[in-house]
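First up is the structure itself, then whatever we jot down about it.
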Amino acid sequence: MVKINLRAWREERNEEAQKAFSTRLLLTVILAGVVVFALGEYIDSQAQRQNARNTFLQGEINQLKTKIKEIENLKKLKEKRLARLNTIQTLQGNRPLIVRYFDELIRVMPEELHYISLVRSGDKLTVNGLASRNQDVSQLMRSLNRSVWFGEPNLTKVGANASSRSFNLDVQLLKGRAVD
């Protein structure tokens, strides 16, 4: 019988299979390395791109914050200017009232009465004067009460000298009330 040695053929086949396996394994490792490297580069590029977007957005947010601060400062400036404007308008509106008050004080003053001093504090006027009779002071108080420019007078002090009567009275200043 002939003896055939198949061992060499099997060994060659096993070596070829081992080489093919090693080659495939090496190619798979290389391919996996390339895939991992490419994936890492892709993720890095996406991260850099997102960081660039974040930086851009942060810059825009900072610009908007600056603009918001400017707007708030402008609003404060506007409020200050409106307050000044209102004050000026109030002063301009009240300016003719002083003339009206003086004109009305002269109109309601009886013949034998003299004003010594007029002191205004807020919406209150303090009148110090001299009268020859008590009736003149009473007439002045009634006339002030009837006036559209003055409120109800309040007599605070009456003094008598030899020839005249001194008096002090407070009266509320009005901006012209409706006549009944």
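The values are calculated or read from the model by the stated rules, or taken from the named source; none is laboratory data. Remember, it's a predicted structure, so these values are computed and weren't measured experimentally. Heads up, the Cβs are rebuilt from the backbone with ideal geometry, glycines too, and the neighbour counts pull from every protein chain shown.
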If the requirement is being in contact (Cβ under 8 Å) with a residue 40 or more places away in the chain and touching a Lys or Arg at 6+ places or on another chain (Cβ under 9 Å), which of these qualifies: VAL127, VAL171, VAL158? VAL171
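Quick one: is GLN139 modelled with pLDDT of 85 or more, over 16 Å from LEU169 (Cα atoms) and polar (S, T, N, Q)?
Working: modelled with pLDDT of 85 or more: yes; over 16 Å from LEU169 (Cα atoms): no; polar (S, T, N, Q): yes.
The answer is no for GLN139.
Using the structure shown, decide if ILE106 is β-branched (Val, Ile, Thr) and surrounded by fewer than 10 Cβ atoms within 10 Å (Cβ to Cβ). Give the steps one after another, and end with the answer.
Numbers: β-branched (Val, Ile, Thr): yes; surrounded by fewer than 10 Cβ atoms within 10 Å (Cβ to Cβ): yes.
When the stated conditions are applied, ILE106 passes them.
Yes or no: ILE98 surrounded by 10 or more Cβ atoms within 10 Å (Cβ to Cβ) and β-branched (Val, Ile, Thr)? First the steps, then the outcome.
Values: surrounded by 10 or more Cβ atoms within 10 Å (Cβ to Cβ): yes; β-branched (Val, Ile, Thr): yes.
So ILE98 fits the description; yes.
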